[in-house]
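Visitor: Below is the structure I would like to discuss, written out as structure tokens.
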Amino acid sequence: MKKLYLIRRRLESFVGPMTAEQLKASLQRLEFGLQDEVSGHCGRWIILENKKQLKSYYPEVYTAIFQGEVGPWAEPTGLTKKPAKVKNKKNSNNKVTTPNKNKESKTTKGGMGLAVFFLFGALTAAMVALYIVKPSLFTHFIDRVKVLSSKPSLEMIQSYFDAGDLKGYTEYIRKYKGKILEDVHANSKLDKESPWLPYLRFYAFHDQGKMSGLSNALLKGPHAVSAPTDCTLDSWKSRFKDGMQEWSSMVYTRELTKNNWGRLLAWDPHWIKRRVDKGWIEPINYYGACIYMAYRAFEDLINDKPLMERYTKIEANASEVISVLKSRLGWLSYLVNQTETFDGIIAGQTDRGFLGLSYWTCIEAAESFQEMESCKKTHDSQSQEWQDLDRDRLSKNILRLALDNPKHLNKTNLEKIQNSLQYLMKNGPFTRLDYRAEVYLAEELMKADGNVEAAIESTKKEFKFVDFSKDFLK
Amino acid sequence: MGANLRIRMAGATDVGRRRKANQDSLFYDAAQGIGIVADGIGGRSGGEVASSMVVNGLRKAFLEVDRIRHEEIHPFLTTNVDRINQQLLDRGAQDPMLSGMGTTLNCVMFVGNKLVLAHIGDSRTYLYSQGHLFQLTLDHNVKTFLERGWLGSDSVIPGSGESALVRALGLFEHCEVDIYEKTVKGGEIYLTSSDGLFDMVRDADIARIISNNLDDFNNLPTKLIAEANRNGGRDNITVLLSKMDGD
């Protein structure tokens, strides 16, 4: 019976069971990727790109993927020579294959050694002659050797980053990828984050949101517990595409879409901006990276003409639905990542008022209580579930504005915050974002009688990685 | 089910040899293509109440809808799991005897030629195919989360065992449910069980028992339970098997 293997794709679905050969063919058809996991009979799940573990647990799969002619991810076949099988004359009855150690072989080896010695001598003489005639050839060669033997430097990569030299940055990471990944995995075994991870995250999320040799879990890091582990460009494309029939339900507040793209649209950008993550240089944290990938994925989808033609056939208000979703994603990306993806116009203002997601954008963008009130006046959500979420969103932004405009923290507004505490305490059940720090801050504000600085200071002691000074829109 | 696929289901639950009460709950309906296993947690009667609340809640929700399309399953499951989670929290808040109760959940739904699997906690669903056994679900416990780097070792409360649950219904305000999908094929068997089975019987032995009793499918759950009891039966044991017949 042939061994079978099962693939777990993006922690969401399965491909197989199938033989190692079928698995190789399936990989070539791009039915899954190297960041996905494989399991054998009664075995553990191993990420395919973790070559060391894969070789150890499922050598047959390893061989099929990395030692066959699979594609660009395969190792060069010429480097993986099979050891010569030479039968030992003395033990020929045992049929054991061992390295040849008999006398005849030694003689041959001796002859070979002599030949190599003379060849080396001749080569050295030729090189000396060449150096005398054209020394510049050797300078280039020596420089190349220096690069290969040197270690990657954090200072160098930081300097590329500071200079905004994306090309130099990318080339540097590619050049030292092997050594950098060694450092990342060595630190990971010790339960530490490598100092290279922030740079690799920048590299990955300015491209497709992934990096071969690095698992999605390591890219994500330990802090962003409410975000999906797979935030690659491809994953968002398939999420949005698979959920196409639900786009309008979300936009017209008929139903909440409780899967990853629906939750991302509902993420609170101010909450995300407050979460300082030292493991990231740009985007500011994993949530920001997911938003950036989702925005780009959505743009790619709406530029796919055949797909959009199909969508306009099933959705009468296709252009409005698309503009609301695009505007929401653009706003999130603009506020969290400071990208220029938001033109300041909130799509989705109808005769009845703002549509759900657009209403949230309106209150998140409001710079005063007055502006926030004006969003509210023109708003009308359909379902009870949405109305509850609207109130929840409003309460969180009342607190934000209070921090943004401390002089407005009069008795009335303090009462508003007090009243909104019950919503804050819900811990963002839909978005899964944890609002404990916000609740604590609101309580401290009450205790300190509206003294924002004192409240922030005391909250900072309890929640070190939450920075309330980032609430300011300017 | 798909044009040429029929589903057969067989299930059983047992108190085991150490526990006084069975806090596991089981429901299945082959005609509807749904099966639910829940393993309650919480002292006194809490676990029992929690597991039966989730099984009955989902069963009722499922029976209330006339017909469910494939694309509706995901929102159907997440909405109902959220709702039941809230009910468990409310019930726990009202009754001090039930405070802190929770439950795991594994719900298999077969629609068309797809299996949709909702999973929270450390009950498991396996796939048995041609003598091979694959664990489909990931245990939501400290051990798995540490191994996968989803939890920093500094965020684990000292003294917590590796088997401590990170996710379960009724424990927290928000309840994240894993939803998996798989295209099903003829001859495949899906085994859903509480930890009372796989903590007592090695995966390889589970595969062997299934292989040896394929002709006696209806009695397979009791045979697996008997093996768990032979090995000590330290916990309640629930087994549900869903077999795909046809091409």
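Derivation of every value follows stated rules applied to the coordinates shown; laboratory data play no part. Since this is a predicted model, take the numbers as computed values, not measurements. Positions of Cβ are generated from backbone atoms using ideal geometry, with glycine treated the same way; all protein chains shown enter the neighbour counts.
Visitor: Out of everything in region B:201-247 that is among the small types (Gly, Ala, Ser) and touching a residue at least 60 places away in the same chain (Cβ under 8 Å), what residue ends up being farthest from B:VAL15 (Cα to Cα)?
Guide: Result: B:GLY246.
Visitor: What number of residues within region A:19-44 are farther than 18 Å from A:SER212 by Cα and either within 10 Å of chain B (Cβ to nearest Cβ) or in a helix (DSSP H, G or I) (or both)?
Guide: The total comes to 12.
Visitor: Something else about it: Check every one of the helices (runs of 4 or more DSSP H) wholly within region A:252-305 and list those with 3 or more residues that are of a type in the set (A, V, I, L, M) and touching a helix residue (DSSP H, G or I) at 6+ places or on another chain (Cβ under 9 Å).
Guide: Once the helices (runs of 4 or more DSSP H) in region A:252-305 are filtered for at least 3 residues that are of a type in the set (A, V, I, L, M) and touching a helix residue (DSSP H, G or I) at 6+ places or on another chain (Cβ under 9 Å), what remains is A:260-266, A:286-302.
Visitor: Still on this structure, please answer the following. Kindly evaluate B:ASP203 against the criterion of being away from chain A (no Cβ under 11 Å), of a type in the set (Asp, Glu) and surrounded by 14 or more Cβ atoms within 10 Å (Cβ to Cβ).
Guide: When the stated conditions are applied, B:ASP203 does not pass them.
Visitor: Hey, another quick one. Which one of these is under 21 Å from A:GLU37 (Cα atoms) and acidic (Asp, Glu): B:ASP215, B:ASP205, B:ASP122?
Guide: Residue meeting the stated conditions: B:ASP122.
Visitor: Starting from residues that are loosely packed, with under 13 Cβ neighbours inside 10 Å and charged (D, E, K, R), keep the ones in region A:435-472 and report whichever is nearest to A:THR412 (Cα to Cα).
Guide: Among those that are loosely packed, with under 13 Cβ neighbours inside 10 Å and charged (D, E, K, R), it is A:ASP449.
Visitor: Quick test for you: out of B:LEU88, B:LEU63, pick the one residue that is buried (at least 19 other Cβ atoms within 10 Å of the Cβ) and at negative phi.
Guide: Result of the check over B:LEU88, B:LEU63: B:LEU88.
Visitor: Can you tell me which residue is nearest to B:PHE110 (Cα to Cα) among those in region B:125-151 that are hydrophobic (A, V, I, L, M, F, W, C) and surrounded by fewer than 20 Cβ atoms within 10 Å (Cβ to Cβ)?
Guide: B:TRP150
Visitor: OK, next. For the list (1) away from chain B (no Cβ under 14 Å); (2) on the phi < 0 side of the Ramachandran plot, I need the number of the one condition that A:ARG254 fails.
Guide: (1)
Visitor: Across region A:174-194, what is the number of residues that are closer than 20 Å to A:ASN285 by Cβ and either under 17 Å from the mean Cα position of the chain (by Cα) or surrounded by 15 or more Cβ atoms within 10 Å (Cβ to Cβ) (or both)?
Guide: Residues flagged as closer than 20 Å to A:ASN285 by Cβ and either under 17 Å from the mean Cα position of the chain (by Cα) or surrounded by 15 or more Cβ atoms within 10 Å (Cβ to Cβ) (or both) within region A:174-194 amount to 5.
Visitor: Based on what the data block shows, is A:LYS241 within 14 Å of another protein chain (Cβ to nearest Cβ) and part of a helix (DSSP H, G or I)?
Guide: Criteria met by A:LYS241.
Visitor: Between residues in region A:1-14 that are on the phi > 0 side of the Ramachandran plot and more than 7 Å from chain B (Cβ to nearest Cβ) and residues that are of a type in the set (D, E, K, R) and crowded, with 19+ Cβ neighbours inside 10 Å, which pairs lie under 9 Å by C-beta distance while being six or more apart or on different chains?
Guide: A:ARG10/A:ASP36; A:ARG10/A:ASP230; A:LEU11/A:ASP36; A:LEU11/A:GLU37; A:LEU11/A:ASP230
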